[in-house]
Amino acid sequence: MTDASNQTDLRFTEIVHAPEGSLASLLRLAYGPLITRNSSRWAPELAAWADFDRVAFRTPEVGRCVFLSWQHETLVGFGSFDPRAAPASARIGHHCVVPDRQHRGLGTLQLQEILRRLRGVGVIAVDAFTLDLPFFAPACHLYAKAGFGIVERTPWTRDATVQRLHFRKLYPPAS
């Protein structure tokens, strides 16, 4: 259920408004239930998240492709994207909302912000990836609701019993 009052006060800022480590911390919070349920499967992601955080904060060209999401003065999530193949395509990166703010429409607003920024540089194809697991059902629903379709299913590199879903949204080329 979406609470309109929670949507209207969401604002986006550059990552310089939070300390290094914030992105990895938000990812640990958002994915906490997965890590708790099956730490051997998900614990390797912790190092990858720390690397992502470090690169985003220390490399300006990467940091420009990440934004923080705030509700009032509370950091509630972030969004990221990779526009290096623009204008032909771009990729949605990590984006998450902390658990106590999920299911309120904030992820939708973050996705809309990512898409707005990508359209601003003329991107015509936007790709997103997630896994075909119950935990990721809200992400799948979010992408479908935003007009993405599944274009490919492949085995996940870390567990071939799990499918990696490739979503794509196409826009008409700018005239």
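TRP42 fulfils the conditions (1) under 26 Å from LYS169 (Cα atoms); (2) surrounded by 15 or more Cβ atoms within 10 Å (Cβ to Cβ); (3) modelled with pLDDT under 95; (4) not acidic (Asp, Glu) except for a single criterion, (1). It is to be established whether one or more residues within region 57-69 are out of contact with any helix residue (DSSP H, G or I) (no Cβ under 8 Å at 6 or more places or on another chain), farther than 20 Å from ASP127 by Cβ and in a loop (DSSP other than H, G, I, E, B). Yes; the residues of region 57-69 include at least one that is out of contact with any helix residue (DSSP H, G or I) (no Cβ under 8 Å at 6 or more places or on another chain), farther than 20 Å from ASP127 by Cβ and in a loop (DSSP other than H, G, I, E, B). Residue count for region 14-51 under the criterion of being closer than 22 Å to PHE135 by Cα and assigned to a helix (DSSP H, G or I): the result is 25. Being at pLDDT 95 or above, over 30 Å from HIS17 (Cβ atoms) and part of a strand (DSSP E or B) is the requirement here; does LEU75 meet it? No. Look through VAL123, VAL97 and report the one residue that is buried (at least 17 other Cβ atoms within 10 Å of the Cβ), closer than 22 Å to GLY32 by Cβ and not small (Gly, Ala, Ser). After applying the criteria, what remains is VAL97.
Out of ARG153, ARG164, ARG158, report the one residue that is under 24 Å from LEU29 (Cα atoms) and either surrounded by fewer than 16 Cβ atoms within 10 Å (Cβ to Cβ) or of a type in the set (A, V, I, L, M, F, W, C) (or both). Checking each option against the conditions leaves just ARG158.
The values are calculated or read from the model by the stated rules, or taken from the named source; none is laboratory data. As the structure is a computational prediction, the values presented were derived from the model and not from experiment. Quick reminder, even Gly has a Cβ in these numbers, built from the backbone with ideal geometry, and neighbours come from all protein chains shown.
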